[in-house]
1. From (1) at pLDDT 95 or above; (2) touching a Gly at 6+ places or on another chain (Cβ under 9 Å); (3) farther than 16 Å from residue 64 by Cβ; (4) not hydroxyl-bearing (Ser, Thr, Tyr), pick out the condition that doesn't hold for residue 169.
2. Hey, any hits in segment 68-83 for a residue that's at pLDDT 95 or above, among the basic types (Lys, Arg) and within 16 Å of the chain's Cα centre (by Cα)?
3. Over 13 Å from the mean Cα position of the chain (by Cα), free of Cβ contacts under 8 Å to residues at least 24 places away in the same chain and on the phi > 0 side of the Ramachandran plot, is that true of residue 88?
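The values are calculated or read from the model by the stated rules, or taken from the named source; none is laboratory data. All of these numbers come straight from a predicted model, not from anything done at the bench. Here the Cβ positions follow ideal geometry from the backbone for every residue, glycine too, while neighbour counts run over all protein chains shown.
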Amino acid sequence: MNATRTRSAGRTSRPTGARTGQPSPGLCGASDRPSRTQEDHDERNTHMSSDVNQAAQERLGGIIQDRAFDRFGEVWAEDVVDHDPAPGQAPGLAGIVDFWKDFTSAFPDLELTPDPLVVTDDFVTAVFTIRGTHTGPFQGHEPTGKSFEVRGIQVAKFRDGKIVERWGATDEQGLAQQLGLDDASDAGDGHGDVRFVSA
């Protein structure tokens, strides 16, 4: 079953259909309530899995805000596949960590504002706004002192509560223009050179 739910970031809903208490005994000591079907069981597992994935995605936002790069392994799998990596980005978790170290060094006041998440069995799609001030070297460009605000999106595939694949895109042209770079393509080639992860 592939249940799609749209959720407000930072809020975790109780799984729909959750049951509390024990079934009432029947006339012969057995329950009058029918036994749970496999479909009920699968649906409960789906909700539990998507809840875990959403919580991991939201936790990642806090990890980034705290610049706690040593905790990235709590959310990213060691062999995560980034389908939209930055130029020269190393594969796996190490490449993700290096990207964020460089990016937050270029924009020390970086802030992420999440919009509602779309959660399914194995995927979390995050739309968000990101802003910061260019005070450090960025992809070969010296600091401009200018600020930017752009929107982005990430689709993350989860397994066992960790991201194993990601796809992402941002308004790279808008970022370049706001920073005053000569050529908008310098800030990215449309394949995730500048890409973000939602809270």
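1. Of the numbered conditions (1) at pLDDT 95 or above; (2) touching a Gly at 6+ places or on another chain (Cβ under 9 Å); (3) farther than 16 Å from residue 64 by Cβ; (4) not hydroxyl-bearing (Ser, Thr, Tyr), the odd one out for residue 169 is (1).
2. Within segment 68-83, the first condition is being at pLDDT 95 or above, and the residues that meet it are 68-83.
If we keep only those that are among the basic types (Lys, Arg) too, we end up with 71.
Those still in the list that are within 16 Å of the chain's Cα centre (by Cα) too: 71.
Yes, segment 68-83 has at least one match.
3. Values: over 13 Å from the mean Cα position of the chain (by Cα): yes; free of Cβ contacts under 8 Å to residues at least 24 places away in the same chain: yes; on the phi > 0 side of the Ramachandran plot: yes.
Yes, satisfied.
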